[in-house]
Every structure is written in structure tokens, then in C-alpha cells.
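The values are calculated or read from the model by the stated rules, or taken from the named source; none is laboratory data. As the structure is a computational prediction, the values presented were derived from the model and not from experiment. Note: ideal-geometry Cβ built from the backbone for every residue, glycine included; neighbour counts use all protein chains shown. In case anyone asks, the SASA skips ligands and DNA or RNA and just uses the protein heavy atoms, side chains included. Shrake-Rupley method; radii C 1.70, N 1.55, O 1.52, S 1.80 Å.
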Amino acid sequence: MNLLFIADPLESFKIYKDSTFAMMREAQARGHLLSVCEPQDVRWRRGEPVTALVRDITLTGDPVHWFSAARHQPDERGQALKDFDAVVMRKDPPFDAEYFYATHLLEQAEREGARVFNKPRALRDHPEKLAILEWPRFIGPTLVTRDANDIKGFHAEHQDIILKPLDGMGGTGIFRVKADGLNLGAIIETLNREGAQTVMVQKFLPAIAEGDKRILVIGGQPVPFCLARIPQGGEVRGNLAAGGKGVAQPLSARDREIAEAIGPVLAGRGLLLMGLDVIGDSLTEINVTSPTCFQEIADQTGFDVAAMFVQALEAAVARQR
């Protein structure tokens, strides 16, 4: 297959841990051809299909100069997205206005015949913090609001809470407020911007000490191992980007229950790959833009997550054809 990956700049990849790189490596090993572009390279003009300025690349196996490109910026070639066998959207959050616009361009490409994974409409319909609201039986006490008094009331009820912005990633902008309520007012002002921005508030889950588990679901089926991201050094956040330690472990019965309930439903809506975040027994987020942890799980357990993904991608393309 000819595959197009829409991603962040290749030069920014940390290939020892990057999941998009793991996908590319597995795809090339299976004989597929690789092209790449960034979201700003995608365009549409009346009378023409959605096109992108793409670079055709080959992975070299060298840890430093890890790819070679047939063309270099700004000399990429233009190609219609519908001419690829599959388009894999792997741009990292934030899900900002530009990401939103990109999903509309990709949806237009779908109307022209492109096969896009994850499905653009599904990316829009499942914001990573708010997607959990559909599954209340799996989540802990949670509040979504702009109102400062609502947040203060939630704190009074639960005493120990986590506040986070809806558009954050990698643990950015997350605050914990304990029973003393220290700095709660200032934190609310910072996050809700005087009532202009919606905030998610959740009861603090002590099980975070055992890790914020990333459960990958591919083609509706859970990967049998998750990565527990364990906070370090007094940090409340387990995110790897915030210094958390990743420890791979088999799924618990509760992990599997959550994944098997949610996975097939969201796969049916066009989410080939998702990452469920679970603390203890509670679902906290559903990641759909560019879920990671492929390499950490593979390195620690030997389970080839990238192979499972590329096989699912091949099967999805075959079905759509």
C-alpha cells in the first residue's frame, strides 16, 4: 500500500519512543510505501481534489539519520489524498482551531474517495477529555463547568480534586487542590479565565500512585498489556511528558471490561486506534488524536503493538475497498 502519514515534523521525532515511527517501521517492513506531510501541507481548491505536498521517505535503520527523503522542503510533490491507499492522521494535540479545520479538509478528501484513519468526523466528535461523559458507569465523580461556584461546591463535597483544561495534553495545566483549598480561587481564575473557558474537575483518585494506565485499543480490540505511567518525585501527574515512569503490565479484569465495552462502539464510529486512560478502576480520558506508548509496551513485554496496528490498518483498507 501507499501510505500517507500526516504528522508533526519528522525532525522533531524521538524515534526511540515515538509511536508514529513504530507504525512507519512496521509498515515499511511489510512492504508498504511511506509518504509524509504536515497538516499545513494539506489544501483544497475549487475544481481540484484535496491535495498535500508530500515527501516520499524510506527508513534507513540509522538512529540519527533515520530517514531519507526523495524530496526536501520546499520541493515536495503534490498528490491528491484519494490517490493513497490510506491516510493516517497522527498530528499531536492540542485540538485547536487548526486541527479542527484539518479534520474538515480530511472529511472532504473522504468524500472524494480517500480512506482516512482515524476518521475525521470521529476525531471531532470525541474530544479527549469530554468523550468519557458517554460512559458514566466507568468514571469517577466528574464536573464540567465554567462556573467558579460550581467548582468550589465540588471541592467542598469531595475535598481533594483535580482541575484540568479541556485542551491540554501531556499533563499540562493540571492542578491538584487538597482539603485545605489552598489557591483554589487563583487556580480557577487561571483555568476558566474569568468564566470564559470550560474546565474539567474530577475527584482525586489515590490509585494514581499505582499509575495512570494507558490502554491501547486497535480495531476495537484491546492490546493485552497497558502502560502504567507512575508519578515520580512528589508529582501528581503520571504522564511520561511530565516525568512519569512507564511500567508495562497485563490488563486487569476491570481494564479489560472498560476496553471491551468502549472499544467496539468507538471502532464502529471510525476510530481505528484509541488510548483509554484509567486510574485504578476509573476511566479518565479517551485519547483519539495520536495515542502513544507503542514502543514502551513492546520493549517491556515483547508484544508488537505496531504489528497489531498495521494489520488492523490493512484489514480496514481492504474492507473499505
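Each other residue within a Cβ distance under 12 Å of residue 66 adds +1 if Lys or Arg and -1 if Asp or Glu, for a net charge of -1. Share of carbon and sulfur in the accessible area of the chain stands at 50%, probe radius 1.4 Å. If a/c stays under 1.5 just call it rounded; otherwise compare a/b with b/c (prolate if a/b is bigger, oblate if not). Do that for the range 245-321, with a ≥ b ≥ c from the square roots of the Cα gyration tensor eigenvalues. Oblate, since a/c reaches 1.5 and b/c is not below a/b. Protein heavy-atom accessible surface, 1.4 Å probe, per residue over the chain: 45 Å². Hey, what angle do you get for helix 19-29 against the long axis of the chain, alpha-carbon based, 0 to 90 degrees rounded to 10? The angle comes out near 30 degrees. Using a Gaussian network model of the chain with C-alpha springs under 10 Å, which one of 280, 220, 78 is most mobile by mean-square fluctuation? For the chain, modelled as a Gaussian network with Cα springs under 10 Å, the answer is 78.
Computed over the alpha-carbon pairs of the range 161-300, the distance histogram in 10 Å steps reads 12, 40, 33, 13, 2 percent, short to long. Calculation over all alpha carbon pairs of the range 1-71 in 10 angstrom steps from 0 returns a P(r) of 18, 52, 23, 6, 0 percent. Computed over protein heavy atoms with a 1.4 angstrom probe, the accessible surface ordering of 276, 33, largest first, is 33, 276. Dividing the mean sequence gap of close Cα pairs (under 8 Å, 6+ apart) by how many residues the chain holds gives a relative contact order of 18 percent.
Highest GNM mean-square fluctuation among 136, 120, 224, for the chain modelled with Cα contacts below 10 Å: 136. Shape analysis of the chain yields a ratio of the Cα radius of gyration to the Kirkwood radius, Rg/Rh, of 0.98.
Annotation: residue 308 carries an accessible surface of approximately 40 Å², with a 1.4 Å probe and no ligand, DNA or RNA atoms counted. Let me know the Kirkwood hydrodynamic radius for the range 109-153, please, with Cα pairs as the basis and the value in Å to one decimal. For the range 109-153, inverting the mean 1/r across all distinct Cα pairs yields 13.4 Å. The accessible-area ordering, largest first, of the residues 76, 257, 98 stands as 98, 257, 76, per a 1.4 angstrom probe. Spatially, the range 260-321 and the range 97-124 are offset by 19 Å when compared through their Cα centroids.
Solvent-accessible surface (1.4 Å probe) assigned to residue 77 amounts to roughly 60 Å². Translational diffusion coefficient of the range 51-120 (Stokes-Einstein, Kirkwood radius from Cα pairs, 4 °C, 1.567 mPa s): 95 µm²/s.
For the range 1-157, dividing the convex hull volume of the Cα atoms by the residue count gives 165 Å³ per residue.
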